[in-house]
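Note sheet for the following structure.
We did not get these values from a lab; they are worked out from the coordinates using the rules stated. Predicted, not measured: the structure shown is a model, and the values here were computed from it. So basically every Cβ, Gly included, is an ideal-geometry build from the backbone, and we count neighbours across all protein chains shown.
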Amino acid sequence: MAQNDITKQIEYDKIEVVDTWKIQVRKATVIKEENSDGSKTELSRNFHRHVLSPFESVKNDDDSWTHTATNISGESASVQAIANAAWTDDVKAAYKTMREAQE
């Protein structure tokens, strides 16, 4: 009996901008098996979700704020493109204002 090939595929199947600055990302890991006729059967699909915001904001002991830009270099090209388009200077300023108003 011939052994069928198993493949692992990563799909970014949902990338959504929510509340102006949050980017919700859903990554699917798909495991497929190649059948004897060349078609592929999906064996499993698992999801991982995460949310990105433009900054990591921290209130300092002296009541000032430090806003460190979120590093998106490890994200897929499609997530980076959406973040770069969505996080305009106005959106970033509004995010900082919102965070500082929360404390």
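Taking a point 7 Å out from the Cα of ASP63 in the direction of its Cβ, the residues of the range 85-103 whose backbone N falls within less than 18 Å of it are 97-103.
ARG26 sits among other residues whose Cβ lies under 15 Å from its own Cβ, and their net charge, with Lys and Arg +1 and Asp and Glu -1, is +1.
Taking every alpha-carbon pair under 8 Å whose residues sit at least 6 apart, the chain reaches a relative contact order of 22 percent. Among the listed pairs LYS22/LYS92; LYS27/LYS59; LYS59/LYS96, those whose Cα-Cα separation exceeds 22 Å are LYS27/LYS59. Charge dipole (Cα centre; +1 on Lys/Arg Cβ, -1 on Asp/Glu Cβ; no other charges) of the range 6-102 amounts to roughly 240 debye. Rounded to the nearest 0.05, what FRET efficiency do SER39 and SER76 give with R0 = 41 Å and r taken as the Cβ-Cβ distance? Could you check? The calculated FRET efficiency here is 0.90.
You can think of it this way: the chain between ASN84 and VAL51 has 10.4 nm of extra reach, that is 0.36 nm per residue less the Cα-Cα gap. The local environment of SER39, defined by Cβ-Cβ distances under 13 Å, has a net charge of -3 under the rule Lys, Arg +1 and Asp, Glu -1. Counted by neighbouring Cβ atoms within 10 Å, the residues TYR95, TYR12 run from fewest to most as TYR12, TYR95. Taking the centroid of alpha carbons for each part, the range 49-103 and the range 1-38 are 27 Å apart. Residue order for VAL25, VAL30, VAL58, VAL18, fewest other beta carbons within 10 angstrom first, comes to VAL18, VAL58, VAL30, VAL25.
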